[in-house]
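Right, one structure below, let's go through it.
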Amino acid sequence: MRQSALRRFLNALFLPYLPLLIVLFVLLFPFYWMVLTSLKDLKELFDYTHNPLWVHAPSLDNYRFLFEKVTFGSWAINSLWVSAVTTVISLVLSVAGGYTLARLRFRGVTTIGLLIFITYLVPRTVMFIPLAQVLAQIGLLGKIGALTVVYPTFLIPFCTWLLTGYFRTIPIEPEECAMIDGCSRIGAAIRITLPMAVPGILTAGIFAFTLSWNELLYALVYVSGEGNKTLPVGLISNLAQRDFFNWGPLMAGATLGSIPVMLVYFYFMDHYVTGLTSGAVKG
Amino acid sequence: MKLTSASSTRAVPTVRRSPWWSFHRDGPLGYLLISPSLLFLLFMLAYPFVIAIILSLSQKRLGGPITFVGFDNFAKLFATTRFWLTVKNSLVYTGGALLFKFAGGLALAQLLNREFFGKRLATALVLLPWIIPSVFSTLAWWWMLDPANSIINIMFKRWGMITTSIPFLVDATWAMGSLIFLNVWRGVPFFAITFLAALQTVPDELHEASKIDGANAWQRFWRVSFPLIIPVVIIVVLISTISTLADFEVPYLLTKGGPRDATMLFGLLSYNYALGVGQLGIGAAVSLAMLPFLAVLVILALVQVRRET
């Protein structure tokens, strides 16, 4: 029963190409529209006599606006700083925690694992009011430092969970061989298992960074002052007022905010999907 | 996983058994490695959670003192129609979004679970809505659904598919629909990729065998593949339900609960009480009112996780 070439072509067309194209169009059009809008000047933005799905006179006015009329650079640096610091803190703690939960057997380890899993499930909308009280008590409310303390509350549970799943997929034998050859327990963990966990750690790091980079609720509530705004808060509070929306600069800001994440994602994609699914599937 | 560290001493009989405090044993090393995280979470999650309970039982205005009032906040809250509307909206939003994310994710995973040219690229692109920070993609959707300048309305009108603009964010039903759509748009990629990873662990032999037994594609999926990926499905659905129920960012950007509270959700209502009118007590009560729903979901998730480990 050899299929004819036409038959094979039709099969491939209907499964998967045609449905996939439709799905991808819906999934990706917003990004196309975001970038396109960011390149339109004010005149073209609301000019519907031409085909609006293309930009006829691309301009960088919107991007210039971000740096000249509002302090986009300062928002980006704030976001970058907060995201980097919280990612590093959370990763260090989560690697230690994930290794412990996956590899070490001692009294209470299962309970601790479940407790951390519960904290992973606690939504930020439940915590934002009482956490403000804690921040006030330690004198960080209103300062940018508040975010570096608060973001690990959702990053650590998430990364620990993801890394526990990842550590479980790494065979234990190499570590045991190293110990037989005279390596200490910590030595074997650091020299043997840790290098093998790099894809998982990378994934957790990218996720942690993206989650911080994207965070809005805490940044909105805990930080005050123009100089302390993070990227999402700055964009929304300065460019999306109730009376006037600067759609061009807003889309330019959204494009600039998305590009770093996208680049990192495409660069590390293979690690990313493996790390993500091993955590989600086996965790 | 059957070998634990105890086997390291067993494997080499000449090694002396380490003393109880030694980091060569699992216990001390484990406590050392896990306690920074635990202490941090205790102070920044467990402690504020207690504060949330105290606040919900107190009258507290922004910057004012705390006075204990018992269940007054809850009584006040339950007496408002706005609260019950919020409960209803949250259930509609969560239920609707989860239904479509589940069905869409399963369909998309099944679509991708075959060999074809460009599979790697397609998988990468599918995941993009989930990768791109939601604040920025929601800004793009906001612009696409803008009452006056929605590109969707403009193009549909151009192509003669509609004559009057669709009131995406203005009409109560459309606004809820838009919110659900956005949540699904962002969530489906994650569902699909996770389901796909699970589907790929289903052994080919099972499919071959059932094919020989005369099962068609539909039966092979529901009778062979699906039962095997149920553990993954359960955990993904539960976690996603929790985050959808407690969603804040996307609804805050897109509708702020409007029009006329038609898309008011727990997170937004709590935010409005706390930041809008400075009633921290009632705000805390709103977020704790989510607890019964959350507790059920958390317990189900725990049962599932325990069963797996």
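Checking the condition in contact with a His (Cβ under 6 Å, 6 or more places away or on another chain) and part of a helix (DSSP H, G or I), which residue from A:PRO260, A:PRO195, A:PRO174, A:PRO199 passes?
On the way: A:PRO260 fails: in contact with a His (Cβ under 6 Å, 6 or more places away or on another chain); A:PRO195 fails: in contact with a His (Cβ under 6 Å, 6 or more places away or on another chain); A:PRO174 fails: in contact with a His (Cβ under 6 Å, 6 or more places away or on another chain).
Sole residue among the options that is in contact with a His (Cβ under 6 Å, 6 or more places away or on another chain) and part of a helix (DSSP H, G or I): A:PRO199.
In the set A:VAL70, A:VAL109, which member is at pLDDT below 90, more than 30 Å from A:TYR32 (Cα to Cα) and surrounded by fewer than 21 Cβ atoms within 10 Å (Cβ to Cβ)? Walk me through it before giving the result.
Working: A:VAL70 fails: more than 30 Å from A:TYR32 (Cα to Cα).
It is A:VAL109.
Please state which of the following conditions A:TRP75 fails to meet, knowing it meets all the rest: (1) within 29 Å of A:PHE207 (Cα to Cα); (2) at the interface with chain B (Cβ under 9 Å from one of its Cβ atoms).
(2)
Among the listed residues A:TYR32, A:TYR63, identify the single one that is within 26 Å of B:ALA107 (Cα to Cα) and not hydrophobic (A, V, I, L, M, F, W, C).
Numbers: A:TYR63 fails: within 26 Å of B:ALA107 (Cα to Cα).
So the residue among A:TYR32, A:TYR63 that is within 26 Å of B:ALA107 (Cα to Cα) and not hydrophobic (A, V, I, L, M, F, W, C) is A:TYR32.
So if I check each of A:ILE186, A:ILE259, which one is within 24 Å of B:TRP130 (Cα to Cα), surrounded by fewer than 18 Cβ atoms within 10 Å (Cβ to Cβ) and facing chain B (nearest Cβ under 10 Å)? It would help to see each step written out before you state the result.
Working: A:ILE186 fails: within 24 Å of B:TRP130 (Cα to Cα).
The match here is A:ILE259.
Could you go through region A:47-70 and let me know if any residue there is hydroxyl-bearing (Ser, Thr, Tyr), without any contact (Cβ under 8 Å) to a residue 24 or more places away in the chain, under 30 Å from A:LYS229 (Cα atoms) and in a loop (DSSP other than H, G, I, E, B). I'd like the intermediate steps shown before the answer.
Quick first cut of region A:47-70, residues hydroxyl-bearing (Ser, Thr, Tyr) only: A:48-49, A:59, A:63.
In the following step, the residues that additionally are without any contact (Cβ under 8 Å) to a residue 24 or more places away in the chain were identified as A:48-49, A:59.
After this cut, where a residue has to be under 30 Å from A:LYS229 (Cα atoms) as well, the list is A:59.
Checking the rest, the ones that are also in a loop (DSSP other than H, G, I, E, B) come to A:59.
Taking every residue of region A:47-70 in turn, at least one turns out to be hydroxyl-bearing (Ser, Thr, Tyr), without any contact (Cβ under 8 Å) to a residue 24 or more places away in the chain, under 30 Å from A:LYS229 (Cα atoms) and in a loop (DSSP other than H, G, I, E, B).
Can you pull out every residue in region B:90-115 that is touching a Ser or Thr at 6+ places or on another chain (Cβ under 6 Å) and either more than 13 Å from chain A (Cβ to nearest Cβ) or not in a helix (DSSP H, G or I) (or both)?
Within region B:90-115, B:ALA97, B:LEU98 meet the criteria.
Taking helices (runs of 4 or more DSSP H) that fall entirely within region B:207-309, which contain at least 2 residues that are charged (D, E, K, R) and in contact with a Pro (Cβ under 8 Å, 6 or more places away or on another chain)? Spell out how you get there, then give the answer.
On the way: elements: B:226-245, B:249-254, B:266-271, B:280-289, B:291-308.
It comes to B:291-308.
Given the conditions (1) within 16 Å of A:LEU163 (Cβ to Cβ); (2) within 13 Å of chain B (Cβ to nearest Cβ); (3) surrounded by fewer than 21 Cβ atoms within 10 Å (Cβ to Cβ), report the number of the one that A:PRO195 does not fulfil.
(2)
Quick one: how many residues across region B:258-289 are surrounded by fewer than 23 Cβ atoms within 10 Å (Cβ to Cβ) and without any contact (Cβ under 8 Å) to a residue 60 or more places away in the chain?
5
Does region A:82-93 contain at least one residue that is within 7 Å of chain B (Cβ to nearest Cβ), assigned to a helix (DSSP H, G or I), under 26 Å from A:VAL261 (Cβ atoms) and not acidic (Asp, Glu)? Full working, then the answer.
So in region A:82-93, the residues within 7 Å of chain B (Cβ to nearest Cβ) come out as A:93.
Restricting the remaining residues to those that are assigned to a helix (DSSP H, G or I) gives A:93.
Add one more test, that the residue is under 26 Å from A:VAL261 (Cβ atoms), and what stays is A:93.
The next check asks that each one be not acidic (Asp, Glu); those that pass are A:93.
Yes, because at least one residue in region A:82-93 is within 7 Å of chain B (Cβ to nearest Cβ), assigned to a helix (DSSP H, G or I), under 26 Å from A:VAL261 (Cβ atoms) and not acidic (Asp, Glu).
The values are calculated or read from the model by the stated rules, or taken from the named source; none is laboratory data. This structure is a prediction, so every number in the text was calculated from the model and none was measured. A quick note on method: Cβ atoms are made from the backbone with ideal geometry, for glycine too, and the neighbour counts reach across all protein chains shown.
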